[in-house]
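Quick notes on the structure that follows.
The values are calculated or read from the model by the stated rules, or taken from the named source; none is laboratory data. Source: prediction; values computed, not measured. Quick reminder, even Gly has a Cβ in these numbers, built from the backbone with ideal geometry, and neighbours come from all protein chains shown.
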Amino acid sequence: MAITRDEVLHVARLARLELDDEEVEKFTEQLSAILEAVAKVSELDLADVEPTAHPLDVLNVWAADEPRPSLSLADALANAPEREAGFFKVPPA
Amino acid sequence: MIDTLRLTAEEGLDLVERREVSAAQLHSAYLEAVAKRDAELHSYLRTVDEADGDGIPIAFKDLISTRGVETTAGSKILSGYVPVFDATVATRCRDAGLSLLGKTNMDEFAMGSSTENSAFGPTLNPWDPERVPGGSSGGSAAAVAAGLAPWALGSDTGGSVKQPASLCGIVGLRPTYGTVSRYGIVAFASSLDQIGPMTKTVRDCALLYRIVAGRDPCDTTTVQLPEPVEIPEREDLTGVRVGVPRELNEAEGIQPGVKELTERTIELCRELGAEVGETTLPRSVEYGLPCYYLVAPAEASSNLARYDGARYGLRVEGGDGVRAMYDRTRDAGFGDEPKRRIMLGTYALSAGYYEAYYGQAQKVRTVIADEHAAAFEDFDVLVSPTSPTVAFKLGEKAENPLAMYLSDVLTIPSNMAGLPGLSIPCGLSGGLPVGFQLIGPQFSENTLFHVGHALEKAIGFDVVPRRLQ
């Protein structure tokens, strides 16, 4: 199962990665080889098997509905590359 | 004079308790060892000058959030990030009096098996600095092996505690999924990630597991341990049923020296009184690796979506607004391996491919869990080599992602089923350590500690790398 250059560009766009030409070429080759290896899972007929999303049977875990301290505004913004008036600041869309 | 090369955590705790040394003295002794030996090995990304506890020190893999101490997960995209809260495991260690010695190097976002994927340069193996320490918890493994920390925490998604423990000649536990909190851990693949102890002895491993394990209200995937952690004492294996899965022990690529030491250790189980028998995991080993490389990247592609340059970490701006900032920040901030896995995961989850890849992999996961459960009807533990090879040379697999992925072929299957696994050193092959893997049913850590401890005593492995003696 080979992945094409166009598919790599499409996936990179979905994943919000701006790849340069060299990366696109390298990843097309490497991802093709990896996809070929992982496609092995399709050899098995598992029509009647239930999927496992999580290794433990843990269901409906509720937290007590009690207020507790959360991060202060200063802490929440402490690592922001840019901030203004108590907000994270980003370039305009 | 404290010999940090030999001191176990248990001995250190004893010295502190008897007031023969202070916490501050012990902390300084390790920092001196770091100053002396870590310029070569690069097991730490940063150290902490002052002891902040009254017990012994500990090192954390750099994906464990530590309030006020930079936490990068080995990535440029988190360079300069200083957490404003502690991970639950950090809180538990602090509550137990342990002082943070420093943060250890790792493959970026725990993606790798050699620590060469760190954005801050590789860690070298204390047994042979031309070789890798394994990964992704290579910094923690090298630090413990070289006497630069009495013990450390790592994290294991596909084998990232067990494999570096094996390659560095120390003990490493990947706990049962859900027994150790992931709150405050930089996430890679949430249904697989587990924090685990990396230590010189099995008893140290049990002591540290006892400190970090247990339900955490901040991580709803955690559960209460069904029984208290026992520090192992028994040195015989009478009544223990040891299963040898054919596929894990005859997998392609297992080096002859590794195979020989594994067989000798299995023989030792018999001599110690265990009943040993052959068993089988017909599809778990063959399909485990492909299953893992669909599930883990899919989860990673979602978890790593948060790194966008908006709220913390690196930001690279273009001239074209917020979208360009996202794209450029992520391209500049992530190394090749996270990019590969984000793309692989995004592809496997995308419309038209979801069922064939991710959906099918989740079903394979059920098959793997069922096969292990069947084997545990007849056996208490399953054994195999931890890694098919001893430590390999730096650069040997760096250009071939698939070859690197094979380093975890023996650790991945049980991880997919959420099972605990312990790696203990079982000897040297060509002067390099070989690890022996013990796998148990969920919540069987006490059995793994018992068997691991009995073997450790019988093997008498000297954990100090020969070139440092």
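Side notes on the structure shown:
- Selection within the stretch A:54-73 - over 24 Å from the mean Cα position of the chain (by Cα) and either facing another protein chain (nearest Cβ under 7 Å) or of a type in the set (Lys, Arg) (or both): A:VAL61, A:ALA63, A:ARG68, A:LEU71
- Residue in the stretch A:50-59 that is modelled with pLDDT under 95, among the β-branched types (Val, Ile, Thr) and within 30 Å of B:SER65 (Cβ to Cβ) present: yes
- Residue check for B:ALA369: buried (at least 19 other Cβ atoms within 10 Å of the Cβ), over 14 Å from B:VAL295 (Cα atoms) and touching a residue at least 40 places away in the same chain (Cβ under 8 Å): yes
- Unmet criterion (only one of (1) in contact with a strand residue (DSSP E or B) (Cβ under 6 Å, 6 or more places away or on another chain); (2) more than 22 Å from B:THR386 (Cα to Cα); (3) buried (at least 24 other Cβ atoms within 10 Å of the Cβ)) for B:TYR183: (3)
- Sole residue being surrounded by fewer than 17 Cβ atoms within 10 Å (Cβ to Cβ), touching a helix residue (DSSP H, G or I) at 6+ places or on another chain (Cβ under 7 Å) and in the same structural domain as B:SER190 (by TED's automatic domain parsing), chosen from B:GLU252, B:GLU230, B:GLU260: B:GLU230
- Filter result for B:GLY102 (of a type in the set (Gly, Ala, Ser) and surrounded by fewer than 23 Cβ atoms within 10 Å (Cβ to Cβ)): no
- Number of the exception - B:SER284 against (1) within 14 Å of another protein chain (Cβ to nearest Cβ); (2) in contact with a Ser or Thr (Cβ under 9 Å, 6 or more places away or on another chain); (3) among the small types (Gly, Ala, Ser); (4) without any contact (Cβ under 8 Å) to a residue 60 or more places away in the chain: (4)
- Breaking point among (1) exposed (fewer than 15 other Cβ atoms within 10 Å of the Cβ); (2) modelled with pLDDT of 90 or more, for A:ALA64: (2)
- Considering the stretch B:305-346, and only residues there that are surrounded by fewer than 23 Cβ atoms within 10 Å (Cβ to Cβ) and among the β-branched types (Val, Ile, Thr), the residue that is nearest to the chain's Cα centre (by Cα) turns out to be B:VAL316.
- When residues of the stretch A:74-85 are limited to those that are at the interface with chain B (Cβ under 8 Å from one of its Cβ atoms) and charged (D, E, K, R), the one nearest to B:PHE85 (Cα to Cα): A:ASP75
- So B:ASP331, is it part of a loop (DSSP other than H, G, I, E, B) and either charged (D, E, K, R) or at the interface with chain A (Cβ under 7 Å from one of its Cβ atoms) (or both): no
- Unmet criterion (only one of (1) within 24 Å of the chain's Cα centre (by Cα); (2) more than 7 Å from every other protein chain (Cβ to nearest Cβ); (3) assigned to a loop (DSSP other than H, G, I, E, B)) for A:GLU7: (3)
- Among the residues of the stretch B:347-386, the ones that are within 14 Å of chain A (Cβ to nearest Cβ), among the hydroxyl-bearing types (Ser, Thr, Tyr) and within 24 Å of the chain's Cα centre (by Cα) come to 1 in all.
- A single entry from B:ASP54, B:ASP95 fulfils the requirement of being without any contact (Cβ under 8 Å) to a residue 24 or more places away in the chain, surrounded by fewer than 23 Cβ atoms within 10 Å (Cβ to Cβ) and either within 18 Å of the chain's Cα centre (by Cα) or in the same structural domain as B:VAL180 (by TED's automatic domain parsing) (or both): B:ASP95.
- In the stretch B:298-328, of all residues being part of a helix (DSSP H, G or I), more than 9 Å from every other protein chain (Cβ to nearest Cβ) and in contact (Cβ under 8 Å) with a residue 24 or more places away in the chain, the one that is nearest to A:ARG83 (Cα to Cα) corresponds to B:ASN303.
- Of residues in the stretch A:16-61 being closer than 19 Å to B:PRO413 by Cα and of a type in the set (Gly, Ala, Ser), the one surrounded by the most Cβ atoms within 10 Å (Cβ to Cβ): A:ALA37
- When we screen B:GLU247, B:GLU235 for residues that are touching a Lys or Arg at 6+ places or on another chain (Cβ under 9 Å), under 24 Å from B:LEU289 (Cα atoms) and in contact (Cβ under 8 Å) with a residue 12 or more places away in the chain, the only hit is B:GLU247.
- Selected residue (criterion: farthest from A:LEU77 (Cα to Cα)) from residues of the stretch B:334-357 that are among the hydrophobic types (A, V, I, L, M, F, W, C) and in a helix (DSSP H, G or I): B:ALA356
- Selection from the stretch A:27-46 of residues that are more than 9 Å from every other protein chain (Cβ to nearest Cβ) and in a loop (DSSP other than H, G, I, E, B): A:ASP45
- Among residues of the stretch B:426-469, those that are within 21 Å of B:ILE368 (Cα to Cα) and either over 19 Å from the mean Cα position of the chain (by Cα) or of a type outside the set (A, V, I, L, M, F, W, C) (or both), counted: 6
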